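Here's the structure we're looking at; comments come further down.
The values are calculated or read from the model by the stated rules, or taken from the named source; none is laboratory data. Everything numeric here is computed off the predicted structure, so don't read it as measured data. As a convention, Cβ positions derive from the backbone with ideal geometry for all residues, glycine included, and neighbour counts pool all protein chains shown. Side chains are part of the model used for accessible areas, which takes the heavy atoms of the whole protein and leaves out ligands, DNA and RNA. Shrake-Rupley method; radii C 1.70, N 1.55, O 1.52, S 1.80 Å.
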Amino acid sequence: MSRVAARRLEGEFHARVAAARADERVLSAIRLATLHKVTSRAAGMAELHDAEALRNLAAAIRRHALEYLPHYLEQFVDAAERRGAQVHFAVDAGAATRLIGDIAARSGARLAVKSKSMTSEEVALNDALAARGVEVVETDLGEFIVQIDADRPSHIVTPIIHKDRHQVAASLSRTLGRAVPADPTVITAVAREHLRERFRRADLGITGANFAVAETGSICLCTNEGNGRMTLTRPRVHVALVGIEKIIPRLADLAVFLKLLARSSTGQPLTVYTTLITGPRGSAEPDGPEQVHIVLLDNGRSRLLGGPAAEVLACIRCGACLNACPVYRNIGGHAYGGVYPGPIGSVLLPLLGGLERHAALPRASSLCGACRDACPVKIDIPGQLVRLRAESQALQPLGKRLAMWLFGVVAARPILYRAAQWLIRHAPPRGPDGWTRASFGRFAPWMHCRDLPPVPRRTFRRLWRDELEREA
Ligand code: SF4
């Protein structure tokens, strides 16, 4: 990709940010919800005997599983197939949608119900199935609203974090052709009644997976609305689209992740429904699907294994880093321009979708470290962002690269550094109180959200020297 194309994409990112910043209603909904989640997470984690030790254990299990991923994938496939599941590998998004389209065609499915799955968003599954004549109905309430509004999720756990109850009620009223009051209890009951009929009629159920257990070949699904359980038990055929990185070694490891997942996400001790499915319905079992297909998706993940970015595959999609991030709270999820928003999106999108396409994202961070502190599996997101910034340096405009080069030259040479300090102290363009609040030309956007304080009369070196002299 040329620098011109990269700059055009960066311009589009800035336009999305400006649009998000202009919508105060969206921003206040996001701020309210994320700050509530931050408080709830802190309370939930405080209930644990030793949250830090549990986070360390979770991080170690995820890193071990990734290090030996080929082994655990093989073990998972063996165990799942022994229990009657059919396992497929999809190298990329196209392969995944083709495979699932073929499964739908073979089973004669015309209507599919689906629970929330970021992986299916990643491969644009709904559009691909619609093109093959299969109607897909989202059954998570948030995703259902996203679908009827032809919108996109704004958060990986709370897809409509950017909408308030009045907007949700308006969407439902428009779709169902009757007035739905902006009362959460009524909204939920109306959506439930509408979706129940789809569950009855659907012959294909599509889910993702929070975890895939190598030891038993089981898929674990964590939801709060019960729609995931309905999706995988009611239709004849169940398809789980699972990123290969979701593998954990043992069933016992689930205890570690379940304790952390909901707490990190919403502060709950556990999600309301935690469902494990191991193969299709047995002859003595009263419910469950007749066929279980597990589609293991690579789509760029295996490329990261063994490299400096491998740790991002440890992500369990809890959303805590989004809630903790001051940048996400001020621009929302849509501004990121991809399926995965927030700090983890700023790393995942460039890694999976190409750094050239998402070169602006590693810079959409203050590097404050709140994401790393909130992450239950201790992914060093700021470290990854800095690494991606360095890698995308070549895509930056010439003026910016020259400025950074010049800064590097000056900062590494004390005599030049001191000269630059003298120049800045004697430079004229400041406000009457000494603060610099605006700039011009290419510096103007950079200064849009920044104020520079007055330059101190004495430098740090000078202060230090004076201090030493006083002590002597
Ligand atoms: S990076 Fe960490 S905090 Fe962010 S979604 Fe993934 S697991 Fe959660």
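Data table
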quantity: Inter-residue pairs, beta-carbon under 7 Å, first surrounded by fewer than 23 Cβ atoms within 10 Å (Cβ to Cβ) and in the range 344-363, second among the β-branched types (Val, Ile, Thr), 6+ apart; calculated: LEU351/VAL312
quantity: Residue within the range 118-130 that is modelled with pLDDT of 95 or more, aliphatic (A, V, I, L, M) and outside any helix (DSSP H, G or I) present; calculated: yes
quantity: Selection count, the range 227-248, where residues are assigned to a loop (DSSP other than H, G, I, E, B) and either open to solvent by 10 Å² or more (accessible area, probe 1.4 Å) or without any contact (Cβ under 8 Å) to a residue 24 or more places away in the chain (or both); calculated: 2
quantity: Per-region count, the range 338-364, residues under 12 Å from the mean Cα position of the chain (by Cα) and not hydrophobic (A, V, I, L, M, F, W, C); calculated: 7
quantity: Listing of helices (runs of 4 or more DSSP H) fully contained in the range 310-368 that carry 2 or more residues being more than 10 Å from the ligand (Cβ to nearest atom) and outside the structural domain of LEU57 (by TED's automatic domain parsing); calculated: 326-331, 342-353
quantity: Out of GLY408, GLY383, sole residue that is open to solvent by less than 50 Å² (accessible area, probe 1.4 Å), over 30 Å from GLY44 (Cβ atoms) and modelled with pLDDT of 90 or more; calculated: GLY408
quantity: Residue that is most open to solvent (accessible area, probe 1.4 Å), among those in the range 99-131 that are touching a strand residue (DSSP E or B) at 6+ places or on another chain (Cβ under 9 Å) and within 21 Å of ASN224 (Cβ to Cβ); calculated: LYS116
quantity: From LEU304, LEU297, residue being more than 10 Å from the ligand (Cβ to nearest atom), surrounded by fewer than 23 Cβ atoms within 10 Å (Cβ to Cβ), over 11 Å from the mean Cα position of the chain (by Cα) and modelled with pLDDT of 95 or more; calculated: LEU304
quantity: Subset tally (residues that are under 19 Å from ALA310 (Cβ atoms), within 12 Å of the ligand (Cβ to nearest atom) and part of a helix (DSSP H, G or I)) for the range 370-384; calculated: 5
quantity: Which numbered condition HIS49 fails, given (1) in contact (Cβ under 8 Å) with a residue 40 or more places away in the chain; (2) in a loop (DSSP other than H, G, I, E, B); calculated: (1)
quantity: Flag if GLN291 is in contact (Cβ under 8 Å) with a residue 24 or more places away in the chain, open to solvent by 10 Å² or more (accessible area, probe 1.4 Å), away from the ligand (no atom under 14 Å from the Cβ) and under 19 Å from SER120 (Cβ atoms); calculated: yes
quantity: Selection within the range 132-169 - of a type in the set (Gly, Ala, Ser), away from the ligand (no atom under 16 Å from the Cβ) and surrounded by 16 or more Cβ atoms within 10 Å (Cβ to Cβ); calculated: GLY142, ALA169
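Every residue, every condition in (1) touching a Cys at 6+ places or on another chain (Cβ under 9 Å); (2) within 27 Å of LEU313 (Cα to Cα); (3) not charged (D, E, K, R), yes or no:
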{"site": "ALA15", "(1), (2), (3)": "no, no, yes"}
{"site": "THR34", "(1), (2), (3)": "yes, yes, yes"}
{"site": "GLY44", "(1), (2), (3)": "no, yes, yes"}
{"site": "LEU54", "(1), (2), (3)": "no, yes, yes"}
{"site": "ALA58", "(1), (2), (3)": "no, yes, yes"}
{"site": "GLN75", "(1), (2), (3)": "no, yes, yes"}
